[in-house]
Amino acid sequence: MILSVAKDNTLYTAFDEIGLGIAIREGDCVLIKINLAHPPEPLHPRTDPSLLLQVIQYIANHGAHCALAEGADGFLHQNVESIGFGDVVKEYQIKLIDLDLEDTDCIVVDSENHYLPKCLRDYPVRLGMPATSKRPGMTFSNNVKLFVGAVPRRMYQNAEGESPRPRVHADLHRSITNIYRSIMASAPFHFFINGGKAMLEDRGEIDLKEIFVGDDALELDQFVLDKFGIEPPDYIRRLVTIPGVVKKARH
């Protein structure tokens, strides 16, 4: 399911309609995977702070607690403060989880070893809030690719070391595909919220006019790609051919 909400309308009706409120009441705590490995920079948007605050307030209104999770190489607290969230964290008693520092389980998919933080399974409701991006020369990044930032950097090093997780980039689209499949097998995410600033190579940095709420990362990525006329990346084409990869159950 995908719901589109105009920016000047409340999100809460859409959250209720897609089942987020019921899930929160049943689960009592929510993990939000954000895109904040580094503070926002021009042409490098991150998870939108105002949208994130609305989600946190919705969770609090349902009597639940939440955690913000991102692989930030030990700098998550500083990154959260850089978006003006220092007081928000205190007010709502938000737990910050730097996924680069967490213990992992090894999941084998398509002969690749992937390492998922064990703490993901501690939260009965899991929610993704990426920043939509297609920068020149880079692959499309949104809901599915959000999870590359969930696997600890230390487990993805090699002799080259040209990126935070160089082993992922050895065969990028295969690894994105298999990291997502690992998440789906071990700790599937239940809801995705896309909005705020986006970076599109033919338009530059823009403010999205709508907020998109979905319950399946792959479906929502396909919707966004089609809406903005972006050619699907190879990892999306791979995923749509794999039976059972679309999330159905919450567990």
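Only the coordinates and a few stated rules stand behind these numbers; no lab work does. Just so we're clear, the structure is a prediction, and the values are computed from it rather than from any experiment. For neighbour counting, all protein chains shown are included, and Cβ atoms are generated from backbone atoms with ideal geometry for every residue, glycine included.
Structure data summary
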item: Alpha-carbon spread of segment 92-177, three principal axes, descending order, Å; result: 39, 28, 23
item: For segment 59-66, 3J(HN,Hα) per residue [Karplus equation, 6.51 cos²θ - 1.76 cosθ + 1.60, θ = phi - 60°, Hz, x = Gly/Pro]; result: 4, 5, 4, 9, x, 10, 9, 9
item: For segment 155-201 and segment 2-72, distance of Cα centres in Å; result: 20
item: Exposed trypsin sites (Lys or Arg not before Pro) absent: longest stretch of the chain, with sites in DSSP loops and at most 14 other Cβ within 10 Å deemed exposed; result: 8-202
item: Residue 106-residue 53 FRET efficiency (beta carbon distance; Förster radius 30 Å; 0.05 resolution); result: 0.25
item: DSSP bridge orientation in the chain - percent antiparallel, rounded to nearest 5; result: 55
item: Exposure proxy ranking, count of Cβ atoms within 10 Å, fewest first, for 186, 111, 163; result: 111, 163, 186
item: Proximal lysines to residue 145, defined as alpha-carbon separation beneath 28 angstrom and excluding residues fewer than eight positions away on the same chain; result: 7, 33, 95, 118, 134, 197, 209, 227, 247, 248
item: Theoretical ellipticity at 222 nm over the chain - DSSP helices of four or more residues, -39500 (n - 2.57) apiece, nearest 500; result: -8500 deg cm²/dmol
item: For 112, 205, order by how many other beta-carbon atoms lie within 10 Å, fewest first; result: 205, 112
